[in-house]
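Notes follow once the structure below has been shown.
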Amino acid sequence: MTKAKFLLVFLSITVISCVTVNIYFPAAQAQKTAKEIVEDVRGVKVEKKKEPQSFKWVGVAYAGQAELEVSNATIRALKESIKARYPRLKPYLSSGALGESLQGYLVLKNTRGLSLRDRALVNRLMSAENRDREALYKSVAQALNIDKSQLLRLRKIFAQEWQKTAPPGTWVEEKPGNWLRK
């Protein structure tokens, strides 16, 4: 077999054996879920769109009417834990001691001016928050049948919502390593 034939056979086998794996990611549902959860945790008023009367028939549902709310006992418990912690975190977000990263986690930014006791408290609150957020992301991914390989994508969707609803003064990561005060 000549080198040219060998190369042709090798390239043919390579092309034929290439398999593209398409992993389903329900982006719209993930976005809606993240928005609902974060707005509830942060106490942001959510305005629901009113459906036109002509589309509402008794006993008939149309595609636009379906609720995409994703919830189970684990998600509800994590959401309540995060929600209960938020009033204690808010002053540290506003003061710039904590920031919202692009990965969907809190990051310690500036503890100057905080007492040793307050620094310890901020660290405990941040650790508990990040633990709950990670568990929340995994639970939402499981509820939406999102592959584990797509968890980073889900965290980034949540990160956008955390950053949008962060109080003024919070550090937000605009691009990797580029932080701005809100």
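The values are calculated or read from the model by the stated rules, or taken from the named source; none is laboratory data. None of these values were measured; they are calculated from a predicted model. Virtual Cβ from ideal backbone geometry, glycine too; neighbours counted across all protein chains shown.
The figures follow:
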| quantity | calculated |
| --- | --- |
| Residues of the range 114-126 classified as outside any helix (DSSP H, G or I) and either closer than 20 Å to ILE82 by Cα or in contact (Cβ under 8 Å) with a residue 12 or more places away in the chain (or both), total | 1 |
| In the range 127-175, the residues that are at pLDDT below 95, assigned to a helix (DSSP H, G or I) and charged (D, E, K, R) | LYS148 |
| Residue pairs meeting the criteria (Cβ under 6 Å; at least 6 apart or on separate chains; first free of Cβ contacts under 8 Å to residues at least 40 places away in the same chain, in the range 85-99; second part of a strand (DSSP E or B) and not charged (D, E, K, R)) | TYR92/LEU98 |
| Residues (hydroxyl-bearing (Ser, Thr, Tyr) and within 18 Å of the chain's Cα centre (by Cα)) located in the range 68-106 | SER71, THR74, SER81, TYR86, SER101, TYR105 |
